[in-house]
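Values in this text are rule-based calculations from the coordinates and carry no lab data. Owing to the predicted nature of the structure, the values given are computational and were not obtained by experimental measurement. As a convention, Cβ positions derive from the backbone with ideal geometry for all residues, glycine included, and neighbour counts pool all protein chains shown.
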Amino acid sequence: MSTRRAKFCQRCGTRLVLRDDNGSLRPTCPACGLVHYRNPVPAAGVILKRGPEVLLVRRRYAPRAGAWCLPAGFMEYGETPERCARRELFEETGVRARLTGLFGVYAGHDDPRVRSVLILYTAERVGGRLVPGDDAIAAKFFPLARLPRAIAFASHRAALAELDGRKT
C-alpha cells in the first residue's frame, strides 16, 4: 500500500502539518483546519453461483493482471453498494442479476493502490450473456472444490473459503 500522504490542503493549498487528532497524528491544514483523513475506499461485488460453481473473472489490468477474482469494483460517487455490485457484475461478465442478500464485508489490505472495504452480495442470474468485458479478459464458472490457484486478493480468497464452508 502506498505510504505517501498529502502535502498540501485540498481546500486552500496551504502546506499541511502533522497534528494530534484524537490520539493520531494526521496531516492538518494550519490555515483552515481541514484534517486530511486516509480512509478506505468502498467496493462491492457479487457471488453468483450455478449449482456447485461460482463465477470468477480474470483480471486484465494491474494489480495482479491475469489472476482471478470475484466480479467486483470500486463504488462511484453517489452510487449505492447494491447498484455498484450489479453494475460491476454486468460490466465484467455481461450477466444481469438480482441481489438476494448480503454475503459478507471484508477488509482489503493487499491492494497496492488503496485500502478497501469489500461488500459482497449473493445474487441470482436474471439475464444477459456471459462474456468478459470492461477490465476482465475471461469470465468463467468454477467448481468451489477446484478454484484457480491465482486468486487476486486476500479478501476474495477469504470470501471464497467462507462460501465453500457454507455449502450453500
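For the chain, the 222 nm mean residue ellipticity estimated from helices alone, with every DSSP H stretch of n ≥ 4 adding -39500 (n - 2.57) and the total spread over all residues, rounds to -5000 deg cm²/dmol. Annotation: peptides 62-73, 16-27, ranked by per-residue average of other Cβ atoms within 10 Å with the highest first, follow the order 62-73, 16-27. Between Ala150 and Arg96, what's the calculated FRET efficiency when r is the beta-carbon distance and R0 is 25 Å? Round to 0.05. In this case the efficiency is close to 0.35. Near the amide H of Gly128, within less than 5 Å, lie the amide hydrogens of Arg96, all on another chain or at least 5 residues away, with H placed in the peptide plane. Each Cα pair under 8 Å and six or more residues apart adds its separation to the average, and for region 41-166 the resulting relative contact order is 33 percent. Model label sites at Lys7 and Glu124, defined 7 Å from Cα along the beta-carbon direction, differ in position by 5.6 nm. The distance between label points at Arg64 and Asp21 comes to 2.9 nm (points 7 Å beyond Cα on the Cα→Cβ vector). From most to least packed by mean Cβ count within 10 Å, the peptides 131-142, 29-40 give 131-142, 29-40.
Return the label of the correct value of Kirkwood radius over Cα pairs in Å, as calculated from the structure shown, out of (i) 17.4; (ii) 23.9; (iii) 16.8. Only one listed value fits the structure, namely (i). Can you give the FRET efficiency to the nearest 0.05 for Ala138 and Arg38, using r as the Cβ-Cβ distance and R₀ = 30 Å? So the FRET efficiency works out to roughly 0.35. In region 58-116, Cα pairs under 8 Å separated by at least six residues give a relative contact order of 21 percent. Based on Cα contacts under 8 Å between residues 6+ apart, region 1-106 shows a relative contact order of 17 percent. Please find the FRET efficiency linking Val131 to Val105, where r is the Cβ-Cβ separation and R0 is fixed at 45 Å, and quote it to the nearest 0.05. It comes out at approximately 0.95. Peptide packing for 149-161, 93-105 was compared via the average number of neighbouring C-beta atoms within 10 Å per residue; ordered from the highest value, the list is 149-161, 93-105.
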